[in-house]
Amino acid sequence: MQPTPEMMAPIQAVARFMATGDDARLGDAFAAAGVVIVENFAPFLFEGPDAVARWLLGFREHVAMDRLSELEWRFGEAQDFARDGDRAYFVLPTTWTGRTHGRAFSEQGGWAFVLQASGEGWRILSYAWAVTSKA
């Protein structure tokens with residue numbers, strides 16, 4: 001099984017934000033409460049009532065510090081898909097390309113998600129990013 005387009009919508013919104021920096025594109029990508037994010041920039045773990053707000057600030061600092069630009073993403077076929085009622089889990093093989101400090105880069109990794117269904121659709125309850133290779 002693969003995630004539905006409705007499940008992918010909040011993930012695409014987060015990727016668009018990361019590529020553009022426009023947080024208006026985030027919409028309601030994240031659950032209203034209980035969000036936990038694991039990232040490869042400090043402080044690495046974002047949890048608690050202000051997790052998303054702190055993650056937004058942290059990501060912007062990460063972009064500025066590493067001078068990231070021209071970011072683009074590509075998702076592979078979801079791995080390890082499982083659904084139990086109003087929750088779903090899967091891992092998306094993901095490739096990010098762009099520029100850092102003026103040089104081209106490519107970063108491959110796995111983006112593990114737990115989604116929560118609500119009356120408004122699927123929302124990200126948790127995600128963890130892990131880089132598996134860089135060029």
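May I ask you to list the trypsin sites (Lys or Arg not before Pro) in the stretch 1-72 that are in a DSSP loop and have at most 16 other Cβ atoms within 10 Å of their Cβ? Loop-located and lightly packed - ARG67. For the stretch 5-134, compute Rh as the Kirkwood radius over C-alpha pairs and then the Stokes-Einstein diffusion coefficient at 20 °C and 1.002 mPa s; write the answer in µm²/s, rounded to an integer. Answer from the Stokes-Einstein relation: 143 µm²/s. The GluC sites (Glu not before Pro) of the stretch 10-88 that meet both conditions, a loop assignment by DSSP and at most 12 other Cβ atoms within 10 Å of the site Cβ, are GLU77. Here the extension length gained between ALA53 and ARG99 equals 14.0 nm, from 0.36 nm per residue of separation less the Cα-Cα distance. Sparse packing (at most 13 other Cβ atoms within 10 Å of the Cβ) combined with a DSSP loop state is found for the following chymotrypsin sites (Phe, Trp or Tyr not before Pro) in the stretch 1-88: PHE44. Other residues within the sphere of radius under 13 Å centred on the Cβ of GLY119, judged by their own Cβ, net out at -3 (K and R +1, D and E -1). Separation of the stretch 58-131 and the stretch 15-56, taken as the distance between their Cα centroids, equals 11 angstrom.
Please figure out what share of the DSSP beta bridges in the chain is antiparallel and state it in percent, rounded to the nearest 5.
Around 90 percent antiparallel, to the nearest 5.
Given R₀ = 30 Å, what would the calculated FRET efficiency be for ALA32 paired with MET65, taking r from the Cβ atoms and rounding to 0.05? With R0 = 30 Å, the Cβ-Cβ based efficiency is 0.50.
Where a number appears in this text, it was derived from the coordinates with a stated rule and is not lab data. Keep in mind that what you see is a predicted model, and the values were worked out from it rather than measured. Please note: Cβ atoms are built from the backbone with ideal geometry, for glycine as well, and neighbour counts cover all protein chains shown.
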